[in-house]
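K.L.:
Here it is: the structure, laid out below.
The values are calculated or read from the model by the stated rules, or taken from the named source; none is laboratory data. Everything quoted here is computed from the prediction, not taken from an experiment. With ideal geometry, Cβ positions are generated from the backbone for all residues, glycine too; neighbour counts draw on all protein chains shown.
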Protein chains: 2
Amino acid sequence: MVQPLHQVGRPRGRPREFDVNEALDKAIKVFREQGYNATSVEDLTGAMGLASGSIYKAFKDKRAVFLAALDRYMLLRNEQIASVARAARTARERLRAVLGFYVESAKGVEGRRGCMVVGSAVELAIADREVAARITAALSRNEALLADLIRQGQADRSISAKIDPDETARVMVCFTQGLRVVGRAGRAPPDTSAAVDIAMRLLA
Amino acid sequence: MVQPLHQVGRPRGRPREFDVNEALDKAIKVFREQGYNATSVEDLTGAMGLASGSIYKAFKDKRAVFLAALDRYMLLRNEQIASVARAARTARERLRAVLGFYVESAKGVEGRRGCMVVGSAVELAIADREVAARITAALSRNEALLADLIRQGQADRSISAKIDPDETARVMVCFTQGLRVVGRAGRAPPDTSAAVDIAMRLLA
DNA sequence: TGATTTAGGGAATGATCTTTTCCTAAATAA
DNA sequence: TTATTTAGGAAAAGATCATTCCCTAAATCA
């Protein structure tokens, strides 16, 4: 079939006046702070600077806004973590940098704002299959990243060959997710490097 | 002033037909599974076997039911943990037993049902001062218990004197709370003793 | 026994929340 | 230029929810 000649990327009607990703960034802020159920569509219209009609033009319903926000949150966070890991030289230093990033994320205003993965896991993973699938994927991705860094460390001799990378990574994921819980309550470890030093003991 | 002669413990009107603690146990189950905002008063009437009027006779409002359920949840849980700790001989074994109890709590149906402290911390700690106060108290109690066990272990030589009890306990609390997050998603460590072995490495 | 007090339960109320509708605006297609 | 398509926005509709009300029941007090 021959496609009609469209100027690429110019859809038909009135063009959208707002940037979807910018709007989602504002939705992420609200969902992180309040969670899904406590966030009303009115909260979203306020934060996103859109009328409810406009939100429902762009998204099927409130849940679709949430899922899109969650996907974007995970995307941005994975980029941050990858960037933090890239900055260090040895695998052991990369691991230390990643753990330090988690501790920093749990502190202060950022920590109180909360993690959308932890929030979704706790609030929705039981009730919503699609959220559950995303949380499962996110947790196993985190676990795989940590296990991979441990294996790299074992290869470059910066981490003991005796430890089990997968089991150790599992425990480290608990530590990182738990950081977000205590951070939400304003009780993250005040001394980042002390906490990381202790967590690094898991490696031997 | 002279008090009138009441038969002790017999209040004036029609006596309550249900046991408040039994009703709260049923409310705890619902709140653990669904959280606060997703639980309707209808959910509570169904689970507690009471009409809404009866619930509002016994509690000021839905929030008061939640706070009472949270208090009872924390009470029962603290008793369980204290009992688990008492059962072991050396401080190191007590610590191992407590960590094992946390891992077991995060697995299977119990893990999916979730922890009311973690759920409340994530869903409500920012929005509700009284919930926040309870969560802060619960977390610092857990931290103090673990730090105390570490100090006991240092006294009886079963734990290295070199580690900092408070900082180490802080990291362990993150591990235990994180367990409940991954348990909620059905991703608790499958091998309890392996996970505990690794977590115990934090002690040296 | 009769008055009073409190509980049980279900219907009614009032508030809130999500979603739809409808009208206007701004773009493309013919 | 006109028809068509999609977006923006506010108000209306429809659904759900927390709370109150009211009537009946079961106890104590005088």
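K.L.:
It is to be established whether one or more residues within segment A:16-29 are more than 15 Å from the chain's Cα centre (by Cα), at pLDDT below 95 and loosely packed, with under 12 Cβ neighbours inside 10 Å.
P.N.:
yes
K.L.:
Can you find a residue that is touching a residue at least 12 places away in the same chain (Cβ under 8 Å) and either aromatic (Phe, Trp, Tyr) or away from chain B (no Cβ under 14 Å) (or both) anywhere in segment A:112-125?
P.N.:
No; the residues of segment A:112-125 include none that is touching a residue at least 12 places away in the same chain (Cβ under 8 Å) and either aromatic (Phe, Trp, Tyr) or away from chain B (no Cβ under 14 Å) (or both).
K.L.:
Further, regarding this structure: Determine, yes or no, whether B:ALA138 is crowded, with 18+ Cβ neighbours inside 10 Å, over 14 Å from the mean Cα position of the chain (by Cα), more than 7 Å from chain A (Cβ to nearest Cβ) and under 24 Å from A:GLY114 (Cα atoms).
P.N.:
Numbers: crowded, with 18+ Cβ neighbours inside 10 Å: yes; over 14 Å from the mean Cα position of the chain (by Cα): no; more than 7 Å from chain A (Cβ to nearest Cβ): yes; under 24 Å from A:GLY114 (Cα atoms): yes.
No.
K.L.:
What residue, among those in segment A:147-172 that are touching a residue at least 60 places away in the same chain (Cβ under 8 Å) and within 14 Å of chain B (Cβ to nearest Cβ), is surrounded by the most Cβ atoms within 10 Å (Cβ to Cβ)?
P.N.:
Within segment A:147-172, the match that is surrounded by the most Cβ atoms within 10 Å (Cβ to Cβ) is A:MET172.
K.L.:
Sticking with this structure for a sec: Could you tell me whether any residue of segment B:124-135 is closer than 21 Å to A:CYS115 by Cα, outside any helix (DSSP H, G or I), within 16 Å of the chain's Cα centre (by Cα) and among the aliphatic types (A, V, I, L, M)?
P.N.:
yes
K.L.:
Pull up segment A:173-204, narrow it to residues that are assigned to a loop (DSSP other than H, G, I, E, B) and among the aliphatic types (A, V, I, L, M), then point me to the one that is nearest to the other protein chains (Cβ to nearest Cβ).
P.N.:
Residue satisfying both the conditions and the ranking: A:ALA185.
K.L.:
Residues being assigned to a helix (DSSP H, G or I), closer than 25 Å to B:ALA133 by Cα and near DNA strand D (Cβ under 10 Å from one of its atoms): count how many of those fall in segment B:40-65. So that I can check it myself, show each step before the final result.
P.N.:
So in segment B:40-65, the residues assigned to a helix (DSSP H, G or I) come out as B:41-48, B:52-58, B:62-65.
Pick out the ones that are also closer than 25 Å to B:ALA133 by Cα and you get B:41, B:44, B:55-56, B:58, B:62-65.
With near DNA strand D (Cβ under 10 Å from one of its atoms) added as a condition, the list becomes B:41, B:44, B:55-56, B:62-65.
Adding up the residues that qualify gives 8.
K.L.:
Right, here's the next one. Among the residues of segment A:24-71, which ones are within 14 Å of another protein chain (Cβ to nearest Cβ), within 8 Å of DNA strand C (Cβ to nearest atom) and free of Cβ contacts under 8 Å to residues at least 40 places away in the same chain? If you could, list the steps in order and put the result at the bottom.
P.N.:
Just the residues of segment A:24-71 that are within 14 Å of another protein chain (Cβ to nearest Cβ), to begin with: A:29-40, A:43, A:62-63, A:66, A:70.
From what's left, within 8 Å of DNA strand C (Cβ to nearest atom): A:37, A:39-40, A:43, A:62-63.
If the condition is that a residue be within 14 Å of another protein chain (Cβ to nearest Cβ), within 8 Å of DNA strand C (Cβ to nearest atom) and free of Cβ contacts under 8 Å to residues at least 40 places away in the same chain, then A:THR39, A:SER40, A:ASP43, A:LYS62 are the ones that fit.
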